[in-house]
Amino acid sequence: MVEFVARKNENTIYIIPIITEIILMLFVAVFGENIILNYGDFIACTLLFSMGLQNSLVTKISNSVVRTTHLTGLFTDLGIELSQLYFYKQFELRLKLFTSIRLRLTIIVFFFLGGIIGGLFYLKMHLTVLLIAVLVLGFGLIFDYIKLKISLINKKLHEL
């Protein structure tokens with residue numbers, strides 16, 4: 001999706017995948033409880049597709065620096081980087097390692113926090129908990145749109 005849209009307009013390449021995610025999660029949040037007994041596999045596949053879309057989008061946006069597809073890879077990379085701290089003595093290399101380690105630890109911590117908090121919210125809200133994700137994604141789109149408009153206005157002002 002990103003590559004297809006990039007050919008048309010570089011400024012809006014993430015809009016279609018995020019809107020697709022929003023629509024899928026909104027559908028499950030609104031109708032999921034009514035259809036989960038008869039079509040549980042459909043709900044699971046819809047959510048898995050949405051999760052895969054999000055993972056690939058994060059990987060694309062970060063130029064493969066951030067990959068949230070699985071924790072085992074994050075822990076493996078973290079372990080490798082922690083061991084490299086013992087061998088790398090140059091300041092620049094150590095600084096780069098510390099930055100990468102901090103990023104991986106942040107992802108791991110928020111992954112676990114999200115799982116715990118999401119589970120607690122699910123106990124109270126059931127599938128409507130997905131509305132929180134829908135709101136966050138919608139806010140992100142609006143924030144990004146405003147940021148883009150401000151950037152374009154600043155660019156035009158500097159050209160004058």
* To do: For the stretch 102-120, name all the residues that are in contact (Cβ under 8 Å) with a residue 12 or more places away in the chain and either open to solvent by 90 Å² or more (accessible area, probe 1.4 Å) or more than 23 Å from the chain's Cα centre (by Cα) (or both).
  => 111
* Asked: Going by the structure shown, is residue 99 open to solvent by less than 80 Å² (accessible area, probe 1.4 Å), free of Cβ contacts under 8 Å to residues at least 60 places away in the same chain and in contact with a Ser or Thr (Cβ under 8 Å, 6 or more places away or on another chain)?
  -> no
* Structure fact -> If we keep only residues of the stretch 121-160 that are β-branched (Val, Ile, Thr) and closer than 27 Å to residue 71 by Cβ, then the residue farthest from the chain's Cα centre (by Cα) is 128
* Asked: Which residues, taken from the stretch 44-61, are open to solvent by less than 50 Å² (accessible area, probe 1.4 Å) and free of Cβ contacts under 8 Å to residues at least 24 places away in the same chain?
  -> 44, 46, 52, 55, 58, 59
* Residue check for residue 101: closer than 19 Å to residue 59 by Cα and out of contact with any strand residue (DSSP E or B) (no Cβ under 7 Å at 6 or more places or on another chain) -> yes
* Asked: Any residue at all in the stretch 73-83 that is within 30 Å of residue 12 (Cβ to Cβ), open to solvent by less than 70 Å² (accessible area, probe 1.4 Å) and among the polar types (S, T, N, Q)?
  -> no
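The values are calculated or read from the model by the stated rules, or taken from the named source; none is laboratory data. These figures come from a predicted structure and were not determined experimentally. Quick reminder, even Gly has a Cβ in these numbers, built from the backbone with ideal geometry, and neighbours come from all protein chains shown. Only protein heavy atoms, including side chains, enter the accessible area calculation; ligands, DNA and RNA are left aside. Shrake-Rupley method; radii C 1.70, N 1.55, O 1.52, S 1.80 Å.
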